[in-house]
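Let me begin by presenting the structure, written as structure tokens, before commenting on it.
The values are calculated or read from the model by the stated rules, or taken from the named source; none is laboratory data. As the structure is a computational prediction, the values presented were derived from the model and not from experiment. All Cβ positions, even for glycine, are placed from backbone atoms using ideal geometry, and neighbour counts span all protein chains on display. All accessible areas refer to the heavy atoms of the entire protein, side chains included, with ligands and DNA or RNA removed. Shrake-Rupley method; radii C 1.70, N 1.55, O 1.52, S 1.80 Å.
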Amino acid sequence: MNPSEARWRELGLWPQWMLRAQAQEQAHEPPVVAATPTVPSPGLLTEAADWPQLRQLVANCQRCALHRERRQAVFGVGDERAGWLFVGEGPGAEEDQRGEPFVGAAGRLLDQMLRALGLKRGEDVYIANVVKCRPPQNRTPTDEECAACLPYLHRQIALIRPKIIVALGKVAAHALLNTDGTLGTLRLGQHRFGDIPLVVTWHPAYLLRNPADKAKAWEDLCRARQLWVSRCTPRDDSGDTTAA
Ligand code: URA
């Protein structure tokens, strides 16, 4: 068994779904919808912060009530110049305890998804959440909590300058695209955050409850990989064929 077949089998996605995703993409290319990143105030300090300053701001943040019950703020993890940025919703109990995003059951599935893409946490990959503090009882963060925390994520994106953003679930998609809409609709669209292509797919926690949708999530990730590849390949648009 070759290594990629092993990875797809691990995800329960054999036979190879990538080919199907490519065929579907060629058959149907929705128009790109660009989100204009608007930084909610107060953002002045955050907008200019470097990595250590941003970490400090997040660690001390009291912009919303979530800080009262957190054990610690969960900043984000990975390569600070990563090509890939994965954005989730907010820390759960294990993340709150360990201070790292996606370390529970959903995180283990995310790691498998990364492996299937030939990626690894921390190597050209950054993982962050919309809200940095755990919502009590792991409830969905409110719009106000997301808005209060969003300047931190915007600054992380500005510092990383990833080639592709993958929004994991509705909360991340809504926050980054400044829109609403069902996940089923959003994942079929083509989006941008500023000039960065953004792919919407299901949150790994949803996929744990609904494994039948893993195949479609894999299609989304293959689309993200194609966008990433297209931004890695230097284009020669000059039309100049003369040798230097
Ligand atoms: N779910 C998220 O959205 N983020 C985490 O860090 C963990 C679970």
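Taking all protein chains as they are arranged and a probe of 1.4 Å, the heavy atoms of TRP228 leave approximately 60 Å² accessible to solvent. Listed by chain and number, the lysines whose C-alpha is less than 21 Å from the C-alpha of LYS163, apart from same-chain residues fewer than 8 away, are LYS120. When VAL171, VAL199 are compared by accessible area at a 1.4 angstrom probe, the order from most to least is VAL171, VAL199.
Average accessible surface for segment 136-182: 41 Å² per residue, computed with a 1.4 Å probe over protein heavy atoms with every protein chain in place. Here segment 46-232 has 46 percent of its accessible surface on carbon and sulfur atoms, given a 1.4 Å probe and all protein chains in place. Which one, ASN129, GLN53, GLY189, is farthest towards the positive end of the dipole of segment 46-232 when Lys and Arg carry +1 and Asp and Glu -1 on their Cβ? Farthest towards the positive end: GLY189. Computed over protein heavy atoms with a 1.4 angstrom probe, the accessible surface ordering of ARG187, ARG231, largest first, is ARG231, ARG187. Computed with a 1.4 Å probe on the full set of protein chains, the accessible area for LYS214 sits at about 50 Å². A cut-off of 5 Å between modelled amide H atoms, ignoring neighbours fewer than 5 places along the same chain, links GLN190 with VAL33. Per-residue 3J(HN,Hα) values for segment 83-89, derived from phi via the Karplus relation 6.51 cos²θ - 1.76 cosθ + 1.60 with θ = phi - 60°, read x, 10, 10, 9, 10, x, 8 Hz in sequence order (x marks Gly and Pro). Shown in residue order for segment 194-199 are the 3J(HN,Hα) couplings computed by the Karplus curve 6.51 cos²θ - 1.76 cosθ + 1.60 at θ = phi - 60°: x, 9, 9, x, 10, 10 Hz (x for Gly and Pro). Remark: segment 93-213 carries a charge dipole of roughly 240 debye about the Cα centre, counting +1 on each Lys and Arg Cβ and -1 on each Asp and Glu Cβ.
For the set THR142, THR46, solvent exposure ranked by accessible area (probe 1.4 Å, protein chains only) runs largest to smallest as THR142, THR46.
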